[in-house]
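Heads up: the structure comes next, in structure tokens.
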Amino acid sequence: MIRHPRLTAALCLVTVLALGGCFMQPGGSSGAGDGSGTPAKPNIVFVLTDDLSWNLVRHMPNVLRMQKDGLTFRTFLMSDSLCCTSRATIFTGRYPHNTGVRTNFPPDGGYEVFKAKGGEESSFAPVLRKAGYRTALLGKYMNGYHPKNTQGGTKPYVPPGWDEWHVAGYGYASYDYNLNENGSLVHYGREEQDYMTDVLARKGVDFIRRSAKASKPFFIEIATFAPHAPFLPAPRHAGLFPGLKAPRPLSFNEANVDDKPSWLRSRPRLGRRGIANIDRAYRDRVRMVQAVDEMVGWIRAVLKELGRDRDTYVVFGSDNGFHMGEHRLAGGKMTPYDSDIRVPFIVTGPDVPHGRTVMEPTQNTDLAPTFLEIAGVKPPPSMDGRSLLPFLRGSTPSGWRETALIEHVKPPPSPEDPDRQDSAPGAPTTYNALRNDEMLYVEYENGEREYYDRTRDPQELNNVYDTLPEQKRRHLSDLLYAYTRCSGEACLAAGRGR
């Protein structure tokens with residue numbers, strides 16, 4: 001009997017989630033471990049998406065299930081809403097002003113700068129490996145990384161700290177890409193099974209199955225290129241959600257931007273065609289994350305099948321957010337506004353309270369120290385963040401930060417930059433900002449300022465900086481000055497200042 005392709009895909013998805021099989025089943029990895037070699041330290045599965053905003057999560061049933069089964073960080077803020085800077089911070093636990101990675105490409109950022117400044121050696125990966133973990137990185141690494149690069153050796157280079165390495169360079173198109181697979185270059189073409197997110201899912205589950213049989217704990221980061229532009233969904237999802245429109249918060253196509261900084265004040269309102277383009281792109285973004293959501297469900301199903309769900313933390317999140325129509329901005333990131341800097345981060349695992357939400361400001365600086373503390377390793381003093389493990393165990397750490405730091409250097413236009421649409425005139429200039437549950441304060445390099453009272457104005461519509469008393473202005477500026485120059489413990493102290 002011949003089935004319609006979409007019906008076959010739908011039946012396949014049911015099989016994937018229920019049994020871990022069908023087209024996504026990795027070859028040569030059947031059967032579950034008996035659990036006799038269960039390691040004393042917990043395992044960690046880290047799914048890191050690219051440009052995933054909160055408004056996509058409502059269409060991701062397996063991620064929504066994670067929220068019910070685990071802990072949601074409601075105010076998880078990126079130190080810079082830009083791919084490479086965020087990832088450098090995630091790996092090292094250090095703010096961009098300390099990693100030296102300020103943009104996606106040299107001379108102020110990118111993989112070359114990250115490597116030259118010791119980012120690979122100070123990443124959490126070598127420490128986890130030394131602590132006895134099997135480590136794997138799949139998918140996206142850093143902007144400017146090329147899988148063919150040998151770094152002077154005879155075969156493609158694998159950075160220190162990684163036992164398994166299946167990493168692409170410019171994989172945004174989801175097809176026709178190369179992976180550096182443990183030092184060997186492997187090409188994937190344009191067949192349906194080559195779709196990048198599905199390839200990563202198969203490889204990720206294969207690693208988990210093999211690692212579950214070993215006596216060592218494991219850490220795996222699966223870093224998808226989805227849902228970054230060009231917003232290409234898997235074929236089985238291409239026709240889903242017909243007629244879906246982008247959300248229309250109060251900030252959507254903001255009526256009056258006279259109080260905004262000059263880079264935004266000059267932007268006209270979005271027209272009918274522009275809004276239609278936003279709706280079309282949002283539909284494709286929703287379609288694109290369906291494969292990511294299936295991967296999350298498959299990973300959790302396999303962990304349960306193997307009896308490893310009880311000793312494995314599953315962390316789901318994004319490197320930055322994405323605006324689509326907010327404040328008249330058609331599509332992109334890099335602004336200090338909520339759509340860009342506040343991202344989903346959800347955790348399930350041993351002793352993690354179910355259905356709980358953490359409102360305290362947490363950041364990507366906190367991920368590396370969290371992974372180390374889970375592994376029983378004390379985070380080094382060079383890390384600017386703080387471990388989230390107490391939250392995962394149901395408590396609130398004493399002296400937690402009250403304010404988060406956001407910093408951004410406007411990248412120069414580059415034809416190689418996948419975010420180059422935001423480097424055009426009208427993109428945000430260089431800025432530093434403070435953000436907590438009460439306010440957003442922004443200082444631009446040209447002297448302009450923004451202040452939003454988030455208790456009354458969570459959509460960040462009314463810039464009331466001009467109404468602030470001079471003493472308040474000085475306090476905010478002094479705090480921001482100290483924060484942007486902090487390191488280690490000094491960053492924790494700055495975060496506790498209001």
Next item on the list: Calculate how many DSSP beta bridges within region 103-259 are antiparallel, expressed in % of all such bridges and rounded to the nearest 5.
Entry: 40
Checklist line | Options [x] 57, 31, 19; [y] 33, 32, 21; [z] 35, 27, 22 - which one matches semi-axes √(5λ) of the Cα gyration tensor in Å as calculated here | finding: [z]
Check: FRET efficiency for residue 437 and residue 65, Cβ-Cβ distance as r, R0 = 25 Å, nearest 0.05?
Finding: 0.40
Item checked: Between helix 5-19 and the chain: long-axis angle, C-alpha atoms, 0 to 90°, nearest 10 -> 80
Margin query: Please report Rg (one decimal) and Dmax (integer) in Å for the Cα set of region 118-240.
Written below: 15.0, 47
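First compute the accessible area of region 347-498 with a 1.4 Å probe, then give the percent of it belonging to carbon and sulfur atoms. Don't skip to the answer; put the middle values down first.
Numbers: 3240 of 6660 Å².
Answer for region 347-498 is 49 percent, counting heavy atoms of protein chains only.
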Item checked: Å² of accessible area per residue within the chain, as computed with a 1.4 Å probe and no ligands counted -> 38
Check: What fraction of the Cα pairs in region 292-365, stated in percent, has a spacing above 18 angstrom?
Finding: 54
Check: Order of 327-338, 378-389, 81-92, 98-109 by packing, highest average Cβ count within 10 Å first?
Finding: 81-92, 327-338, 98-109, 378-389
Check: Relative to the longest principal axis of the chain, what angle (0 to 90°, nearest 10) does the C-alpha long axis of helix 470-483 take?
Finding: 30
Next item on the list: For region 274-290, just list the computed ³J(HN,Hα) in residue order, Karplus coefficients 6.51, -1.76 and 1.60, θ = phi - 60°, integers in Hz, with x standing in for Gly and Pro.
Entry: x, 5, 4, 5, 4, 4, 5, 5, 5, 4, 5, 5, 4, 5, 5, 7, 5
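Using only DSSP helix segments of four residues or longer, with each worth -39500 (n - 2.57), what per-residue ellipticity at 222 nm results for the chain after dividing by its residue count and rounding to 500?
On the way: 15 runs with 147 residues, N = 498.
Computed mean residue ellipticity for the chain: -8500 deg cm²/dmol.
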Margin query: Can you give me the angle between helix 196-212 and the longest principal axis of the chain, using Cα atoms only, in degrees from 0 to 90, rounded to the nearest 10?
Written below: 60
Notebook entry, point to check: So which lysines pass the test for residue 304, namely a Cα distance under 21 Å, with those fewer than 8 places away in the same chain ruled out?
Noted result: 41, 68, 203, 213, 216
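If you take the beta carbon distance between residue 269 and residue 240 as r and set R0 to 35 Å, what does 1/(1 + (r/R0)^6) give as a FRET efficiency, to the nearest 0.05?
Once rounded, the FRET efficiency stands at 0.70.
Ratio of alpha-carbon Rg to the 2.2 N^0.38 Å globular estimate for region 130-190, to two decimals, please. Display every interim value, and only then the final one.
Values: Rg = 11.8 Å, N = 61, 2.2 N^0.38 = 10.5 Å.
Cα Rg divided by the expected 2.2 N^0.38 Å: 1.13.
Where does the charge balance sit around residue 384 when Lys and Arg score +1, Asp and Glu -1, over other residues with C-beta under 11 Å from its C-beta?
Charge balance near residue 384 sits at +1.
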Note to self: Students often forget the sequence filter, so: which aspartates and glutamates lie under 12 Å Cα-Cα from residue 140 once same-chain residues fewer than 8 apart are removed?
What the structure shows: 50, 221, 319
Next item on the list: Return, ordered by residue number, the residues of region 163-201 whose backbone nitrogen is under 15 Å from a label point located 7 Å along Cα→Cβ of residue 154.
Entry: 183-184
Checklist line | Partner aspartates and glutamates for residue 245 [C-alpha distance under 15 Å; skip if fewer than 8 residues away on the same chain] | finding: 279, 284, 326
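The values are calculated or read from the model by the stated rules, or taken from the named source; none is laboratory data. Just so you know, these numbers come straight off a predicted model, no measurement behind them. Note that we place each Cβ from the backbone using ideal geometry, even for glycine, and neighbour counts take in every protein chain shown. The accessibility values were calculated without ligands, DNA or RNA, using every heavy atom of the protein model including side chains. Shrake-Rupley method; radii C 1.70, N 1.55, O 1.52, S 1.80 Å.
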